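Enquirer: Below you will find the structure I want to go over with you.
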Amino acid sequence: MSRELEGRMHDVRGAPWRAAARRAELPVPLAHPPAPLAHPLRDAAVLAAEQADLDHATNGLLRRHPELSTAAPARPWQTWTLLLLPPAFVATFVAAPEQAIFILAAVLVLPFFCVVALRTAALWHTLRGRQAGEALPPRARAPDSTPLPRYTLLVPLYDEADVIPDLLAALAAIDYPPDKLEVLLILEITDHTTRAAVAAAALPTHVTVVVVPDGAPRTKPRALNYALRRATGQLVVVYDAEDVPEPDQLRRAARAFEKTPGLGCVQARLNVLNDREGWLTRQFAIEYTVLFDCLLPTLERLGLPVPLGGTSNHFSRAVLEEVGAWDPFNVTEDADLGIRLARMGWTVRVLPSTTWEEAPPRFHIWLKQRTRWLKGWMQTYMVHMRDPAHTARDLGAMRFFGLQVLMGGLILSTLVHPWFYVVAVAELAYGPLLASEHSTLADAVTVVGFVNLVLGYVSGVTLGCVAVAGRGRHGLAAWALLMPAYWLLISLAAYRALIQLATSPYRWEKTKHRPRTAFTAPSPPAA
């Protein structure tokens, strides 16, 4: 690492992370000792290097920053809170149901109001940006004389044999000098079908296959960590098997790093190709457009932590390695890494360039993917709230509050949302549930809760309409009215995620992808 980078990291991180670095020198029990490799005919030095890389990929973050690893156990206060809070509420509800409902409503007022406020801010920033012509500027190729850094593309693949031709075509369309481009196709040693499909393809000279030895946990971030040890680029980007990035995305990202001091990551905007395939893909398209075109840019403008998407994250390799790279035990390693970058003083910028991908076309595929995402967000929130005071010092008061609104508010809203319907039905059937609590405070909580509910729907639907209109997909706007039904499905996935968090926290439910010829996919709209 250069002296300049090291000095800058010293300035932005401050004393807490120097102390953490000193603590990291202490021995830490490994969550998963690397599995022994058995290749008797291969050179012992190669085997030793693979073993060391596998150990680093699995246990590097745990060893260096144990307090930031999902593999480390939860703090006692977290465990006891999760164990005692639900039965305490049930006992209160049995003994005094009206008081229990009042307490719950009062507790939920502020988080839900903050979520509404965030959507409103995103709506305002989005409309203001469009009036100023900032939405998605036209693509412009950088002059050939512009010096470009070496770029490594990390492409993790598992059970993706069917999409290898599409993937290679998308990578070939990238506008970047081949002599400064390194593509690493990352395969699991147990995935014989994908390995056979890649072996049968004609690969350019700048494309290399990296085979990850078997081990636990078998997750995408572990594979990325293993391949990162072989990367030679100054900049690194992650693409998934079904991704179709805009051709000039690497050039745009490289210019952003060149012009922005303290930039740790550039997140491209994600959107979907098959938005017209069905109701579920339409809702997914609206949701993705809101997130990447409206919410994340708003978080950036407000200086709040930006949770990364699962693909099209562009990094400075030196920064990525310094912060510990990906957590192999977190099933949404992207969101976690975004928060970790913020805690260590690095900024994230949202790039006005789009990567197109496939939305899950069937409910069972969508449910598994969404369960994994929400489980990972729960893991991320628990990790960064192990020591709230430490996290608050790292982020500062405003960004710490933003973390509560974004991650805590999202998790809470997905779990609580269906109960609003239960309460509404009960009120219609049996009358006001807080009838005996007619006080000024109780009335105020009821009114604010009702206003939150209405504003939540209005702000969500309005933001969905504005977001898709910005992409020229006006036909999707009417479908935004059905977003509340989609939110109920998200709540189902949240409870499934909660169960998995307790029973199989590191289980990775793979999202199956199809060749693009298998669905009606119009050409990506011009950005």
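Enquirer: With a 1.4 Å probe and every protein chain kept in, tell me what percent of the accessible surface of the range 375-414 is carbon plus sulfur.
Expert: On the way: 1010 of 1360 Å².
Solvent-exposed carbon and sulfur of the range 375-414 make up 74 percent of the total.
Enquirer: May I ask you to list the lysines whose Cα is less than 28 Å away from that of residue 512, ignoring any residue fewer than eight positions away on the same chain?
Expert: Cross-link targets: 220, 368, 375.
Enquirer: Let me ask something additional. Can you tell me which lysines have their Cα less than 20 Å from the Cα of residue 259? Leave out same-chain residues fewer than eight positions away.
Expert: The qualifying lysines are 180.
Enquirer: Here is a further query. What is the distance, in nm, between label points placed 7 Å from the Cα along the Cα-to-Cβ direction at residue 200 and at residue 106?
Expert: 6.6
Enquirer: Once phi is turned into θ = phi - 60°, what whole-Hz ³J(HN,Hα) does the Karplus curve with 6.51, -1.76 and 1.60 give for every residue of the range 81-91, x standing for Gly and Pro?
Expert: 4, 5, 7, 9, 5, x, x, 5, 5, 4, 5
Enquirer: Where both residues lie in the range 223-358, what percent of DSSP beta bridges are antiparallel, nearest 5?
Expert: Antiparallel bridges make up about 50 percent of those DSSP assigns within the range 223-358.
Enquirer: Okay, moving on. Loop only by DSSP, 11 or fewer other Cβ within 10 Å of the Cβ. Give me the trypsin sites (Lys or Arg not before Pro) in the range 161-239 that pass, ordered by residue number. Present the calculation step by step, with values, prior to reporting the outcome.
Expert: Values: sites: 180, 195, 218, 222, 229, 230; in loops: 218, 229, 230.
Within the range 161-239, no trypsin sites (Lys or Arg not before Pro) qualify (loop, at most 11 other Cβ atoms within 10 Å).
Enquirer: Pop out the carbon and sulfur fraction of the accessible area of the range 216-311 as a percent, whole number, probe 1.4 Å.
Expert: Working: 1290 of 2500 Å².
Of all accessible area on the range 216-311, carbon and sulfur atoms account for 52 percent.
Enquirer: Using a 1.4 Å probe, what is the accessible area per residue for the range 207-347, in Å²?
Expert: On the way: 3210 Å² over 141 residues.
With the other protein chains kept in place, the range 207-347 gives 23 Å² per residue.
Enquirer: Give, rounded to the nearest 20 debye, the magnitude of the charge dipole that the range 244-383 has about its Cα centre when Lys and Arg contribute +1 at Cβ and Asp and Glu contribute -1 at Cβ. Intermediate values should be presented prior to the final figure.
Expert: Values: 17 positive and 16 negative charges, 31 e Å.
Rounded to the nearest 20 debye, it is 160 debye.
Enquirer: Roll a 1.4 Å probe over the protein heavy atoms and report the accessible area of residue 506 in Å², nearest 10.
Expert: So the heavy atoms of residue 506 present about 70 Å² to solvent.
The values are calculated or read from the model by the stated rules, or taken from the named source; none is laboratory data. Computed from a predicted structure; not experimentally measured. Every residue, glycine among them, receives a Cβ derived from its backbone with ideal geometry; neighbour counts consider all protein chains shown. Surface areas here come from the heavy atoms of the whole protein model, side chains and all, with no ligands, DNA or RNA. Shrake-Rupley method; radii C 1.70, N 1.55, O 1.52, S 1.80 Å.
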